[in-house]
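Any read-out appearing in this document is the output of simple, stated calculations on the displayed coordinates, not a laboratory observation. From a predicted model like this one, the values you see are computed outputs, not experimental measurements. Positions of Cβ are backbone-derived with ideal geometry, glycine not excepted, and every protein chain shown enters the neighbour counts.
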Amino acid sequence: MLGFSFYLDHTLDQDDKNYIESMKQHHFNEIFTSLHIPEENQALYTKRLQDLLKVAKKNDLKVFVDIDQNSLANLPNELDGFYLRLDDGFSNQDIAEMSQTNPLALNASTLTKDDIKELQKYQADFKNIEAWHNFYPRPETGLDFQWFLKKNQWFKSLGITTQAFIPGDEKLRGPINAGLPTLEDQRNNDRLASAIQLTQANVDKVFIGDPRLSLTYQEEFADYFNNNVLDLTLKANDNIPQDLLNQILHNRPDPAAKVVRVLESRQMNQRNQTLIAPNNNIPRNIGSITIDNQAYGRYMGEVQLTKTDLPLDKKVNVIGHLDTNSIQLLPYITANSAFKLIPKE
């Protein structure tokens, strides 16, 4: 499940509506927002939330609202159509009672075994409870991965849905503008690689913490999470054969340790009946795209992506390189994985 954030610091305009519709089209299905209402702006924030809920309903999007006790008390009773992400300060008895009628998200990072025991004591409906991690605007303060992994394994043993944030890329949230990740190590990483890492760490819902995710990343997320295809972007178009570009390719079913072996490549070369002479025999740094030349005999035409630094080989031509972000996706190409090589614009 994919989600994104929209903040109520401005009046929702047509550009916002277009963005929300685009995210829905790319299979992001839930929205996170925050409603810590200053007393003097109560009516203003309530109106903005109403506007967001209208757009969300039109696009069949669920909305989770981060809220504290004061803001919850100030909300008009007739305002509905959203779910609550409870900030710290609610008692376990309050949470248990609320869970009996409404889905809730609790702070995953601070939830303890004693809290679970109390929630059980007060007959909480755990089918209505999710565990959501915080995001961390200040650099160096995001969570440690190993601690995060153990926490999620515990939630998984309890059957509780988990959620975490990764940063956006097109527009970062102020005033620090350093991204909104849950994990510190993901603050400056490729966004798709971060999302995949979270799913492999027992996270059920991945949300974009910042206000905007670029259309390029939206398309990459949709390709991976809905079509199981990784989009790999070239650093430069170099000498990549045209029949390798924008095509769905596959790693072999017996994955190599140090390279991705493009399953379709040798057959492509045989069809083209091309003799490949030695050329550009340079060190194969991580992310290099290579093709075996005629000196490799029956392997001629095999295309590979290097997953680590390798030395030069006179039998192997370097024909291109992946960009820095796409190199971070290489560990997620496993047996039979599908991927595309996307030309640099």
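Comparing Asn293, Asn336, Gln304 along the charge dipole axis of the range 283-345, the residue lying farthest to the positive side is Asn293, per the Cβ-charge model. Quick note on the range 247-345: its Rg to Rh ratio, both from C-alpha atoms and Rh being the Kirkwood radius, is 0.94. Amide H contacts under 5 Å for Ala131: Leu106, Thr161, Thr162, Gln163, restricted to partners 5 or more places along the chain or on a different chain, H placed in the peptide plane at 1.01 Å from N. Here the simple spin-label model places points 7 Å from the Cα toward Cβ, and for Trp147 and Lys171 these points are separated by 3.3 nm. A straight chain from Asn77 to Lys315 at 0.36 nm per residue would run longer than the Cα-Cα distance by 78.4 nm. The stretch between Lys258 and Asp9 holds 84.9 nm of extra length on full extension. This uses 0.36 nm per residue minus the Cα-Cα distance. A simple charge model with +1 on the Cβ of Lys and Arg, -1 on the Cβ of Asp and Glu and nothing else charged puts the dipole of the range 253-325 at about 180 debye relative to its Cα centre. Quick note on the chain: its Rg to Rh ratio, both from C-alpha atoms and Rh being the Kirkwood radius, is 1.07. Computed from label points 7 Å out along Cα-Cβ, the spacing between Asn281 and Asn239 is 1.3 nm. For the chain, the Cβ-based charge dipole about the Cα centre amounts to some 1440 debye (Lys, Arg positive; Asp, Glu negative; other atoms uncharged). Once the gyration tensor of the Cα atoms in the range 70-209 is diagonalised, the equivalent ellipsoid follows with semi-axes of 27, 19, 13 Å, ordered largest first. Backbone geometry of the range 3-9 corresponds, through the Karplus equation with coefficients 6.51, -1.76 and 1.60 at θ = phi - 60°, to 3J(HN,Hα) couplings of x, 8, 10, 9, 10, 9, 8 Hz, x marking Gly and Pro. Positive end of the dipole of the range 63-184 (Cβ unit charges, origin at the Cα centre): among Gln93, Trp147, Pro76, the Cα lying farthest that way belongs to Trp147. Among the trypsin sites (Lys or Arg not before Pro) in the range 245-326, those located in a DSSP loop and surrounded by at most 12 other Cβ atoms within 10 Å of their own Cβ are Lys258, Lys314.
Amide H contacts for Phe32 (H built 1.01 Å from N in the peptide plane; partners 5 or more residues away or on another chain; cut-off under 5 Å): Phe4, Ser5, Phe6, Phe64.
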